[in-house]
Amino acid sequence: MAESNLTAERLRELLSYDKDTGLFTWKVRRNGFVGSGSTAGTVGTGGYIHIRIDNSPYMAHRLEWFYETNSWPKSKIDHINGLTSDNRISNLRECSHSENMQNTKTYKNNTTGLKGVYHCKRSGKFTSIITVDGVQNYLGAFESKELAHAAYTEAKAKLHKFQPTVQNR
């Protein structure tokens, strides 16, 4: 993994990190195109910011963690508010994969607009499902999407200790 090759000293030699904005800026001119003081990185898949250092790609939120703690994250880094481009230290926390999955967005193909709630065309009811440690748990079928979402919200508060509240985004 490229992370192990980058030292904190090399990172700080090349980049400055602003805790208030969560942005990295270059301290040195890069590739003849990017001047010092320029914002580092490009927005990639899922809105994550990617920064290339010494021909190796890095995720900005993982670089930020390394910059602030002098150690690479052991597993995942969660964006508390769900905005993957918001790399302020106050918005980041180390977590397991299972914990990180507790703070995911509502899927694009979800027609109800509510996390954990799906419309069953055959029955006309709204199904509520919550996933815990990779296992889907059926919470029931309901007459309205609001009732199904209430069941999901209640289960989330009990079962998702890392992120017990729903963030519809």
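Please list, ordered by first then second residue, the pairs with beta carbon atoms under 6 Å, 6 or more apart or interchain, first in segment 31-54 and closer than 20 Å to Arg10 by Cβ and at pLDDT below 80, second part of a loop (DSSP other than H, G, I, E, B) and of a type outside the set (S, T, N, Q). Going by the 6 Å Cβ cut-off, the qualifying pairs are Gly35/Arg29; Ser36/Lys27; Ser36/Val28; Ser36/Arg29. Taken together, Thr21, Thr42, Thr69 contain a single residue that is hydroxyl-bearing (Ser, Thr, Tyr), under 26 Å from Val166 (Cα atoms) and loosely packed, with under 15 Cβ neighbours inside 10 Å, which is Thr21. Among the numbered conditions (1) loosely packed, with under 13 Cβ neighbours inside 10 Å; (2) outside any loop (DSSP other than H, G, I, E, B), the only one that Glu94 does not meet is (1). The set of residues in segment 77-100 being over 16 Å from Phe24 (Cα atoms) and either within 9 Å of the chain's Cα centre (by Cα) or hydrophobic (A, V, I, L, M, F, W, C) (or both) consists of Ile77, Asp78, His79, Ile80, Asn81, Gly82, Leu83, Cys95, Asn100. Taken over segment 135-169, the criterion of being surrounded by fewer than 17 Cβ atoms within 10 Å (Cβ to Cβ) and of a type in the set (Gly, Ala, Ser) is satisfied by Gly140, Ala141, Ser144, Ala150, Ala157.
The values are calculated or read from the model by the stated rules, or taken from the named source; none is laboratory data. What you see is a predicted model; the values in this text were computed from it and never measured. Neighbour counts run over all protein chains shown; Cβ positions are idealised from the backbone, glycine included.
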